[in-house]
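Single-structure report; data block below.
What follows is calculated from the coordinates using simple rules that are stated; it is not laboratory data. The shown structure was predicted, so the numbers you read here are calculated from the model rather than taken from an experiment. Virtual Cβ from ideal backbone geometry, glycine too; neighbours counted across all protein chains shown.
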Amino acid sequence: MKKSPQTALIHSDYTPPDGFAAFAPAIHHASTVLFDNVAALRASGWKDKRSYTYGLHGTPTTFTLEAKLAAIDGGSFCLLAPSGLSAIAMINLGLLKSGDDVLLPDNVYAPNRELGRWLASDFGISARYYDPMADIAGQILPTTRLIWAEAPGSVTMEVPDLPAICRAAHARGVLVALDNTWSGGLLLNGFEHGVDIVMQALTKYQSGGSDVLMGAVITRERALNDRLALAHMRLGLGVSADDAYLVLRGLPSMKLRLQAHDAGARAVAAWLAARPEIARVLHPAFADCPGHAHWQRDFRGAGGLFSVVFDARYSEAQTDRLVDALTLFGIGYSWGGAHSLAVPYRMQAMRTGWEGAGTLLRLYIGLEEPADLIADLAQALATL
Ligand SMILES: *Cc1c(COP(=O)(O)O)cnc(C)c1O
């Protein structure tokens, strides 16, 4: 059919020939997805991952990423969300309803704690916090539906006894969700230790670029995935094709990056442990980290993230000046990219019963030469 120029702006007779092949997945941008005919439209459902219904429900780009992420964590199903936090929200909203109870570790990722506060104040869900290192069995109520675990806690680094938490939960028919961001899924297989749902902030190691936000929810059981997929659909949690591509581009190097972060972080942490200004090094691979034995038993390595606690004789003003004096460490939240980062935390405001008055500084070791990072820390420590 002959087209007017206005229509030619929109429609084309060109069909790409078959036979183009490349390693990089195609970036499919779509809100509207086209059907061959009305019968195909009528026959299609949003749940079906072998066909396409609407950009929000998936494209070849996002389905490729989901399949890879499910396999990395040893799961069968994966749902993508526009941030790690929205993946957490999908789990809470998909599995909890008014009258239910959720248990969160006291060292949980702070915005998950904040979400718990909201569920409790406005949605009739009770959210309670447990000591990640204590036996959880006595805290489970008849109304408890979900227990969160984080391994290790991403600021204070306690490594919980994940199999024990899962055993206690399953004995009472309660689901366990693991925030597995610290290990990127390569260093800890949550399902092997009994968890039902794994959550990842792909913003971190999977993307590896400090330039994209995304999250994932991974499961093994179809019925559980279906409950979460319903929340995913009802909340309209889509991700952009370009962002999905960035994460796909980061994945092939993730294992090598993790090994480099791990080696760098252990070198820097060992150096800091010997310094008189540092009261404690909180790194799961170090013997005095709470839960070190659990890390040794369950993990295949460590990443780039750990914390140190300064000796209490240094004021917050002094340790803030020290952080400002660092030249190779950026001051900022999140982690997982090539650049090292430092963030001081006020633990008394974050944790019930936190002992020790010294400033806690969380360090993320990027891909710089560890000796240069140590030299930078040495000149900054001299400001004390
Ligand atoms: C960063 C992070 C999240 C949230 O990820 P965003 O993509 O920043 O929303 C959740 N849990 C942990 C442990 C994280 O480090």
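Brief remarks on what is shown
- Likely footprinting exposure, Thr181, Thr327, Thr156, fewest C-beta neighbours within 10 Å first: Thr327, Thr156, Thr181
- For Met254, Met157, order by how many other beta-carbon atoms lie within 10 Å, fewest first: Met254, Met157
- Pairs from Lys47/Lys97; Lys3/Lys68; Lys3/Lys47; Lys49/Lys204 whose Cα-Cα separation, in the structure shown, is over 32 Å: Lys3/Lys68; Lys3/Lys47
- For the chain, the mean residue ellipticity at 222 nm estimated from helices alone is -10500 deg cm²/dmol, where every DSSP H run of n ≥ 4 contributes -39500 (n - 2.57) and the total is divided by all residues, rounded to the nearest 500.
- Highest average packing first - 229-241, 78-90, 333-345, Cβ atoms within 10 Å: 78-90, 333-345, 229-241
- Here the convex hull built on the C-alpha positions of segment 17-168 has a volume of 172 cubic angstrom per residue.
- Applying the Karplus relation 6.51 cos²θ - 1.76 cosθ + 1.60 with θ = phi - 60° to segment 141-150 yields 3J(HN,Hα) values of 9, x, 8, 5, 10, 8, 10, 8, 9, 9 Hz, where x marks Gly and Pro.
- Segment 254-381 - Rg (one decimal) and Dmax (whole number), Cα, Å: 14.1, 40
- Distant alpha-carbon pairs in segment 1-50 (separation over 16 angstrom), percent: 68 percent
- With the alpha-carbon atoms of the chain aligned to their principal axes, the span from lowest to highest coordinate is 82, 52, 36 Å, starting with the largest.
- Local electrostatic count at Ala134 - Lys and Arg +1, Asp and Glu -1, tallied over other residues with Cβ under 14 Å: -3
- Where labels lie 7 Å past Cα in the beta-carbon direction, separation of Glu355 and Arg234 in nm: 4.4 nm
- Förster radius 25 Å - calculated FRET efficiency between Ile10 and Trp46, Cβ distance, rounded to 0.05: 0.40
- Segment 213-231 versus segment 28-81: alpha-carbon centroid distance in Å: 13 Å
- Backbone amide hydrogens, once placed in the peptide plane, bring Arg280 within less than 5 Å of Val309, excluding anything fewer than 5 places away on its chain.
- Exposure proxy for Phe35, Phe299, Phe306: other Cβ atoms within 10 Å of each Cβ, ordered fewest to most, give Phe35, Phe299, Phe306.
- Based on C-alpha pairs under 8 angstrom that are at least 6 apart in sequence, segment 254-381 has a relative contact order of 29 percent.
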